[in-house]
1. When you scan segment 193-211, do you find a residue that is farther than 23 Å from LYS260 by Cβ, open to solvent by 10 Å² or more (accessible area, probe 1.4 Å) and under 15 Å from the mean Cα position of the chain (by Cα), even just one?
2. Pull out all pairs, ordered by first then second residue, where Cβ-Cβ is under 6 Å, the residues are six or more apart or on different chains, the first lies in segment 118-141 and is under 26 Å from ASN275 (Cα atoms) and open to solvent by 60 Å² or more (accessible area, probe 1.4 Å), and the second is at pLDDT below 95 and polar (S, T, N, Q).
3. From ALA345, ALA269, ALA299, ALA246, grab the single residue that is of a type in the set (Gly, Ala, Ser) and open to solvent by 10 Å² or more (accessible area, probe 1.4 Å).
4. Within segment 120-137, take every residue that is in contact with a Leu (Cβ under 8 Å, 6 or more places away or on another chain) and outside any strand (DSSP E or B) and give me the one that is nearest to LEU157 (Cα to Cα).
5. Return yes or no: is LEU154 touching a His at 6+ places or on another chain (Cβ under 7 Å) and either in contact (Cβ under 8 Å) with a residue 12 or more places away in the chain or in a strand (DSSP E or B) (or both)?
6. Going through segment 302-326 one residue at a time, which ones are among the charged types (D, E, K, R), open to solvent by 30 Å² or more (accessible area, probe 1.4 Å) and within 22 Å of the chain's Cα centre (by Cα)?
7. Mind checking whether some residue in segment 170-187 is in a helix (DSSP H, G or I) and touching a residue at least 60 places away in the same chain (Cβ under 8 Å)?
8. Please identify the pairs in which a residue from segment 79-108 that is surrounded by 24 or more Cβ atoms within 10 Å (Cβ to Cβ) and outside any helix (DSSP H, G or I) has its Cβ atom under 7 Å from the Cβ atom of a residue that is among the basic types (Lys, Arg) and modelled with pLDDT under 95, counting only partners at least 6 apart or on another chain.
Amino acid sequence: MEEKKQIKANEEAVHKRRPRYKGTHPRKFSEKYKELNPEKYADTVQKIMDKGNTPAGMHISIMVDEILDFLDIKPGQNGLDATLGYGGHTLAMLKKLEHQGHITGLDIDPIESVKTRERLLSKGYDEEDVTVKLINFADIDKVAEEFGLFDFVLADLGVSSMQIDDPSRGFSFKHEGPLDLRLDPSHGIPASERLKRVRYQEFVNMLIENSDEPYADQIAHELFHRRKHHILIETTKDLYDVIETALSFLPEKNRKDIVKKSCQRTFQALRIDINNEFGVLTAFLQKLPKILKPGGRAAILTFHSGEDRLVKKSFKNLQREGVYKEVARDVIRPSYEECKRNSRATSTKMRWAIKA
């Protein structure tokens with residue numbers, strides 16, 4: 001009897017059972033075995049993608065063809081993916097290197113970067129091909145000291161779908177979770193703490209400058225009304241309720257859509273603030289030419305006007321100074337077909353520069 005129990009225990013240790021859940025479908029993200037390991041469920045993933053959606057737990061890389069066309073990667077080159085994420089862009093660039101050369105991938109997310117490294121190694125690559133570094137891309141000068149100057153650099157400034165889809169990270173109002181929004185949960189303060197400390201006008205300015213929120217005053221008024229009455233904003237649902245109440249004066253016909261867009265903008269504004277994204281991007285743009293080889297190429301994907309303005313200004317100013325010999329005259333957008341396949345691509349803008 002004891003021997004049978006031991007055999008059964010050994011079998012369960014080798015073949016882990018998927019999480020148990022009530023009902024016919026899992027409700028909690030931690031129970032959603034397909035979302036937590038999408039590579040094993042290709043048929044389900046394809047059905048979702050065919051509808052133009054991104055499967056939860058995955059990230060569909062944007063503008064891969066346009067990036068590869070511009071970077072013109074050759075075997076033997078040294079590359080940098082400054083924002084590793086799910087690793088889709090990195091994988092496409094590794095294929096171009098044909099196991100000759102090296103790519104360094106940077107990420108500050110200690111949770112997803114480990115998964116991405118394993119994912120890339122499972123595709124037949126090793127440390128000779130790709131190195132994953134847990135470091136902020138504002139510190140690319142330190143990376144260049146270790147790996148040398150780069151022939152090509154890519155920075156995709158979008159938040160990965162894996163982060164958005166995981167309620168425990170607090171990036172989306174679609175599912176309730178702690179209002180966190182940190183790209184690196186081990187550093188800084190969560191958004192819930194930031195909202196306890198922020199001043200009224202500071203919060204209004206944050207919403208306007210980081211996301212062009214037209215109802216910034218109304219949202220701030222409701223937030224501070226709740227603070228006055230000691231009502232805590234601890235979860236994504238709490239913040240959604242603030243915005244929904246703040247906009248209750250709008251006609252019912254259009255209110256739902258406007259609330260949704262204001263929620264997206266408010267979460268974006270808070271995320272940018274919590275992670276100092278504009279400051280990090282500014283530091284990256286200042287250091288970028290110094291880590292590129294002569295003739296080295298850099299491509300940057302942005303997802304809202306604030307980011308795009310910073311990139312455009314930096315590239316043009318440095319071109320005038322003779323640092324870049326050529327920069328993109330016009331922004332490059334994803335194709336209609338790509339936007340139809342992946343709705344998260346619609347706001348993407350690509351700009352590029354070539355070192356003199």
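The values are calculated or read from the model by the stated rules, or taken from the named source; none is laboratory data. Predicted model, so just to flag it, every value in this text is computed and none were measured. As a convention, Cβ positions derive from the backbone with ideal geometry for all residues, glycine included, and neighbour counts pool all protein chains shown. The protein model used for the area step is the full one, side chains on, heavy atoms only, and it has no ligands, DNA or RNA in it. Shrake-Rupley method; radii C 1.70, N 1.55, O 1.52, S 1.80 Å.
1. No, there is no match, as no residue in segment 193-211 is farther than 23 Å from LYS260 by Cβ, open to solvent by 10 Å² or more (accessible area, probe 1.4 Å) and under 15 Å from the mean Cα position of the chain (by Cα).
2. Correct list of pairs: LEU134/SER113.
3. ALA246
4. So the residue we want is PHE137.
5. Yes; evaluated as a whole, the condition is true for this residue.
6. Passing the criteria: ARG309, LYS312.
7. Taking every residue of segment 170-187 in turn, none turns out to be in a helix (DSSP H, G or I) and touching a residue at least 60 places away in the same chain (Cβ under 8 Å).
8. GLY87/ARG119
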